[in-house]
Amino acid sequence: MTASGRPVPTQDEVLGYFDTLSNWGRWGEEDELGTLNHVTDDVRLAAARAVRHGTSVSCAWEITAPAEMQRSTTACPCAADMPGAEGMPARFHADRRWGFSSEQVSLAFHGNTVTHIDSPCHIFWDGTMYNGRSHSLVDPTTGSAWAAVTAAANGIVTRGVLLDVARTHDVPWLEPGQGVFPDDLEEAERRQGVRVRRGDAVLLRTGFGRARHESGATSGVTQAGWHAACLPWLYEREVALIGADTPQDVLPSGYENILMPVHAVGLVAMGLWLLDNCDLEACATTAVELGQWDFQLAVAPVRFAGTSGSPVNPIATF
């Protein structure tokens, strides 16, 4: 089976990745960090040395209301008149110049629009999560007792590498359904003069962010992204985290019984954390201007107890 002359793993081979690319037990039976274990103190120090200009850019989309979130806002020009103020101390009522605004926000961050991180408990395979834990550890009220986003409570600070495959192909964006293969990644490395190494966060630019900016397009049943063939490459390079300007997997995946193999094998077998729906346009523009394709990447998930991910604002500092 080939695609554009390149070998494509069969469905049986991809299913075999659950065993051959497994990190279960690699860092101990109690490990919930998965590939984030590749981010050692030395890796973080090396990431700091990637800051050569001091320029920072966001790799996230703005979350808007009402499209992605439900929002209830209170604005009190004088706080002393707000509901419940009657129960406050007398000195509170004396300050008639102080006001405030406040919000209550709810959103479903998993999906195809909001920039977010997936922790390993986000996906099950045969009812099992990363490191062999049962899906029954996810409670409908309290959330997951295993490999939730709070495992990354100290944040993720590592070297980021942008692989601009759309630029490598000399196109504004890859076509929906176009998969990215290891040779695409290595060609981007060669052209950009950079090499992915242990502990890196690899950000894949398909150009979809540009299409989204220009037309308001959203990803869906057909999208460009990582092909399953990249999974052994990511495992061998000991990558800590991957991101993309789509929800990662090329769709359709090309496999009848594995809808999203990068999510399934990555999260369940490898414990590979995922940054979905990045906006990589400013990052790519800055990389071209500075002639620098690596940077310090900082990702700080909100410490939502028991959740399978978090909205995030990844910051690339060149």
Worksheet entry | Matching residues in the range 95-143 - criterion: being surrounded by 14 or more Cβ atoms within 10 Å (Cβ to Cβ) and over 25 Å from residue 63 (Cα atoms) | 99, 124, 125, 128, 129, 130, 131, 133, 135, 137, 138
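Yes or no, residue by residue, for (1) loosely packed, with under 15 Cβ neighbours inside 10 Å; (2) of a type in the set (Phe, Trp, Tyr):
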site: 22; (1), (2): no, no
site: 28; (1), (2): yes, no
site: 31; (1), (2): no, no
site: 34; (1), (2): no, no
site: 37; (1), (2): no, no
site: 41; (1), (2): yes, no
site: 57; (1), (2): no, no
site: 61; (1), (2): no, yes
site: 64; (1), (2): yes, no
Response to the item:
Expected single match for surrounded by 13 or more Cβ atoms within 10 Å (Cβ to Cβ) and of a type outside the set (A, V, I, L, M, F, W, C) among 16, 5 is 16
Response to the item:
For strands (runs of 3 or more DSSP E) lying entirely in the range 196-305, having 3 or more residues that are under 21 Å from residue 175 (Cα atoms) picks out 201-205, 241-244
Worksheet item: Would the range 96-105 turn up any residue that is under 21 Å from the mean Cα position of the chain (by Cα) and closer than 20 Å to residue 304 by Cβ?
Response: no
Worksheet item: Just checking, which of 193, 220, 209 is buried (at least 19 other Cβ atoms within 10 Å of the Cβ) and in contact (Cβ under 8 Å) with a residue 60 or more places away in the chain?
Response: 209
Discussion item. Just to be sure I understand, how many residues within the range 164-183 are touching a residue at least 60 places away in the same chain (Cβ under 8 Å) and farther than 23 Å from residue 221 by Cβ?
Written reply: 3
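Throughout, read-outs are computed from the coordinates displayed, never taken from laboratory work. Predicted, not measured: the structure shown is a model, and the values here were computed from it. Positions of Cβ are generated from backbone atoms using ideal geometry, with glycine treated the same way; all protein chains shown enter the neighbour counts.
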